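Take a look at the structure below.
The values are calculated or read from the model by the stated rules, or taken from the named source; none is laboratory data. This structure is a prediction, so every number in the text was calculated from the model and none was measured. Here the Cβ positions follow ideal geometry from the backbone for every residue, glycine too, while neighbour counts run over all protein chains shown.
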Amino acid sequence: MTIDIRSISDRADLLGESPVWDADSGWLYWVDGFSRFIRRWEPATNTFREWPMPSMVGSVALGQSRSLVVSLADGIHAFDLDTSTLTPLLRPEPSDPLVRFNDGKVDRQGRFLCGSMGIHADPRGTLWRIDSQGRSDSLANGIRISNALCFSPDGRTMYFADSLDRAIRAYTYGGDGVGEPSILVDTSQWHSGPDGATVDDGGCLWVCLIQVGKIARITPAGKLDRIIDAPVDLPSSVAFGGDDMTTLFVTSIKDSGSGRAVSQHPDGGRLFAIDGLGVRGIPEARFGQVAPENRMGNS
């Protein structure tokens, strides 16, 4: 098996995060959190577009029609791609200036989950969930840096981490209930906390080990299947995409703005594509839309 790695982006991001492939359009979205942009790559024409945001951007997800869901410093918003307008979906009250929203994903039932974090890595964050009817609830709190949020192919397991705990937790998930977490894997054995993550159609978790510049594949039983070198020293998040869902897209960090992550690599902050891994991903669900069963494998 030969792995092929290529740089995609037209320029480096300061804080590249939250890649998500739109399987309907064949476009890739991601964010430059510190520079306050949502970005898009259209592979067919190698065209890049971007939309400025009013505050730091934590994550982005697919919405209905020509819309996205985006987490900003103050909360979660719907974003209309045609008019560039933001509509608030969730703004926690009272607001906390020492907290911002970070990693987010849509579950297989079409609800958006997003974890907030203390801007100084204090345990002030909350994992929020919101549906398209505006109903919201909190699933966890006391979070310092929320990351690794993703779901098993059948949607019955949620993965989530506080990066500073250096452990990825697995929760039974479905309907309105969320079970007590168990530790799927302790990433301290690889000398790193976990950053962004996704799953493949075999139910394995792909996670960035940001402090050692590697990407690991973890089985649903919590065993290390393989570990590969990332293209740069600070890989931040991953998503499968491409026409056959076999390309792993990797965002990275040049300078997070917090002083905690500054790349020493000349290509730090760029977006990469990795082919030849021999696995296939799963198209992400859209906010407000249940993922079709034929898009899901077994967990």
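Go through region 120-130 and give me each residue that's of a type in the set (D, E, K, R) and either at positive phi or surrounded by fewer than 17 Cβ atoms within 10 Å (Cβ to Cβ) (or both).
Taking region 120-130 first, the residues of a type in the set (D, E, K, R) are 122, 124, 129.
Scanning region 120-130 gives a single hit, Asp122.
Do you know which of the residues in region 30-86 that are hydroxyl-bearing (Ser, Thr, Tyr) and within 22 Å of Pro283 (Cβ to Cβ) is modelled with the lowest pLDDT? Per the criteria, the residue is Ser65. Entry remark, region 230-263: residues being touching a Lys or Arg at 6+ places or on another chain (Cβ under 6 Å) and of a type in the set (D, E, K, R) number 0 in total.
With region 215-262 as the region, which strands (runs of 3 or more DSSP E) entirely inside it contain at least 1 residues that are touching a Gly at 6+ places or on another chain (Cβ under 8 Å), under 21 Å from Gly33 (Cα atoms) and of a type in the set (Ser, Thr, Tyr)?
Working: elements: 224-229, 235-241, 247-252.
Answer list for region 215-262: 235-241, 247-252.
Counting residues in region 133-147 that are buried (at least 20 other Cβ atoms within 10 Å of the Cβ) and either of a type in the set (D, E, K, R) or on the phi > 0 side of the Ramachandran plot (or both) gives zero. Across region 165-179, a minimum of one residue is classified as in contact with a helix residue (DSSP H, G or I) (Cβ under 9 Å, 6 or more places away or on another chain), crowded, with 22+ Cβ neighbours inside 10 Å, more than 26 Å from Asp24 (Cβ to Cβ) and aliphatic (A, V, I, L, M). Residues that are polar (S, T, N, Q) and touching a residue at least 24 places away in the same chain (Cβ under 8 Å) were ranked within region 184-243; the one that is nearest to Phe160 (Cα to Cα) is Thr198. Picking from residues in region 125-166 that are small (Gly, Ala, Ser) and without any contact (Cβ under 8 Å) to a residue 24 or more places away in the chain, the one that is farthest from Leu90 (Cα to Cα) is Gly142.
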